[in-house]
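Visitor: Questions regarding the structure given below will be posed in turn.
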Amino acid sequence: NSICVDAACSGNPGNMEYRGVETSSGRQIFHVGPLPDGTNNVGEFLALVHALALLKKLKKEDTLIYTDSQTAMAWVRDKKIKSTLERTSKNKEIFDMLERALLWLKNNSYQNKIIKWDTVKWGEIPADFGRK
């Protein structure tokens, strides 16, 4: 009873996208992007918050969420992002999403456990975009 989230970015900053998949089947649950002038860390954070909000809406707060990003886990825990990404005319949508994600974290609680995916033991996270 879990989902996995991951992000991909072509360049830094570059075209960023993220998604969530059902861990057992790999079935895609959500996908956002690609969006210009993003970073992988920002995408990983947005994917985690997207998963939390979706699972809360669906009343599935017992569903585990796996991520391979310690950074995203810390940003969610702290309800604060520590990115050097600068706002540009191209990435307005990303910054709007970041503001909404931070507001959601501030105004909502969640029960879902966020677990670090062990890539060494388990291989690539099922939500991986396969572009390494």
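Visitor: Based only on Cα atoms, what Rg/Rh ratio does the chain have, Rh being taken as Kirkwood's radius?
Guide: Rounded to two decimals, Rg over Rh is 0.94.
Visitor: Carbon and sulfur atoms: what percent of the 1.4 Å accessible area of the chain do they account for? Each step should come with its number before you reach the end.
Guide: Numbers: 3580 of 7330 Å².
In the chain, the share of accessible area belonging to carbon and sulfur is 49 percent.
Visitor: So what is the relative contact order for the chain, in percent, with contacts set as C-alpha pairs under 8 Å and at least six apart?
Guide: 30
Visitor: Shifting gears a bit: May I ask which of K59/K92; K56/K113; K59/K80; K60/K82 have a Cα-Cα span longer than 21 Å here?
Guide: K59/K92; K59/K80; K60/K82
Visitor: On to the next question. Through the Karplus equation 6.51 cos²θ - 1.76 cosθ + 1.60, θ set to phi - 60°, convert the phi angles of region 17-33 into ³J(HN,Hα) values in whole Hz; use x for Gly and Pro.
Guide: Those phi angles translate into 9, 8, 7, x, 10, 5, 4, 5, 10, x, 5, 6, 9, 8, 8, 10, x Hz.
Visitor: In addition: Along the charge dipole of the chain, Cβ charges K/R +1 and D/E -1, which of I125, I65, A7 sits furthest on the positive end?
Guide: Working it through, the farthest residue towards the positive pole turns out to be I65.
Visitor: Next question, about the same structure. DSSP beta bridges in the chain, what fraction antiparallel, as a percent rounded to 5?
Guide: 70
Visitor: Something else about it: Find the accessible area per residue for the chain; the probe is 1.4 Å, ligands and nucleic acids are left out, and the unit is Å². Write down the numbers at each step before the final one.
Guide: Numbers: 7330 Å² over 132 residues.
Here the per-residue accessible area is 56 Å².
Visitor: Shifting gears a bit: Take the alpha-carbon centre of region 1-53, take the same for region 85-110, and report the distance between them in whole Å.
Guide: The two parts, judged by their Cα centres, are 14 Å apart.
The values are calculated or read from the model by the stated rules, or taken from the named source; none is laboratory data. The structure presented is a predicted model; accordingly, all values stated were derived computationally and were not measured. Using ideal geometry, Cβ is built from the backbone for each residue, glycine included, and neighbour counts are taken over all protein chains shown. These accessible areas exclude ligands, DNA and RNA; they are computed on the full protein's heavy atoms, side chains included. Shrake-Rupley method; radii C 1.70, N 1.55, O 1.52, S 1.80 Å.
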